[in-house]
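Engineer: Can you keep this structure in mind? I'll have questions shortly.
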């Protein structure tokens, strides 16, 4: 599978991010294992409303990449989640919803929840 050209996007495609209960628990584990300095840096970065709170603007990458939600893993490859820089990669049918979402990162679920 060809990689998305994410460098330089500054997280503009990263949000709003709906998550499931299982994803929330995986993210909690990732955040708890994160060095305090990195967590503080991520938490203090200014973001546009709805942009994922885990997108690391300083490093221009996902701050929880290994624990990122399914929607983030599918982005750019499904017809309903098209990357504007590489729309030709979105060849899969619309993304299936596997579990019920419990809320959106940065909107319903914030740093106080971690």
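Any read-out appearing in this document is the output of simple, stated calculations on the displayed coordinates, not a laboratory observation. The structure presented is a predicted model; accordingly, all values stated were derived computationally and were not measured. Note that each Cβ is placed from the backbone with ideal geometry, even for glycine, and that neighbours are counted across all protein chains shown.
Engineer: Starting from 0.36 nm per residue, how many nanometres of slack lie between residue 93 and residue 60 once their C-alpha separation is accounted for?
Structural biologist: Length gained between residue 93 and residue 60: 9.0 nm.
Engineer: Now a separate question. Please list log₁₀ I(q)/I(0) at q = 0.09, 0.14, 0.20 Å⁻¹ for the chain, using the Debye equation with identical point scatterers on the alpha-carbon positions.
Structural biologist: Values, matching the q order: -0.23, -0.57, -1.15.
Engineer: For the stretch 9-34 and the stretch 47-95, what is the separation of their C-alpha centers, rounded to whole Å?
Structural biologist: Between the Cα centre of the stretch 9-34 and that of the stretch 47-95, the gap is 11 Å.
Engineer: Quick check: the angle from helix 21-33's long axis to the longest principal axis of the chain, C-alpha only, nearest 10 degrees?
Structural biologist: The angle comes out near 50 degrees.
Engineer: What ranking of 75, 84, 54 emerges when the number of other C-beta atoms within 10 Å of each C-beta is taken as an exposure proxy, fewest first?
Structural biologist: Listed from fewest to most nearby Cβ atoms, that is 84, 75, 54.
Engineer: Separate question: Relative contact order for the stretch 17-113: what percent, with Cα pairs under 8 Å and sequence separation of 6 or more?
Structural biologist: Once normalised by length, the contact order is 35 percent.
Engineer: Under 17 Å from the 7 Å Cα→Cβ point of residue 107, by amide nitrogen: which residues of the stretch 42-79?
Structural biologist: Backbone N within reach: 47-55, 69-72.
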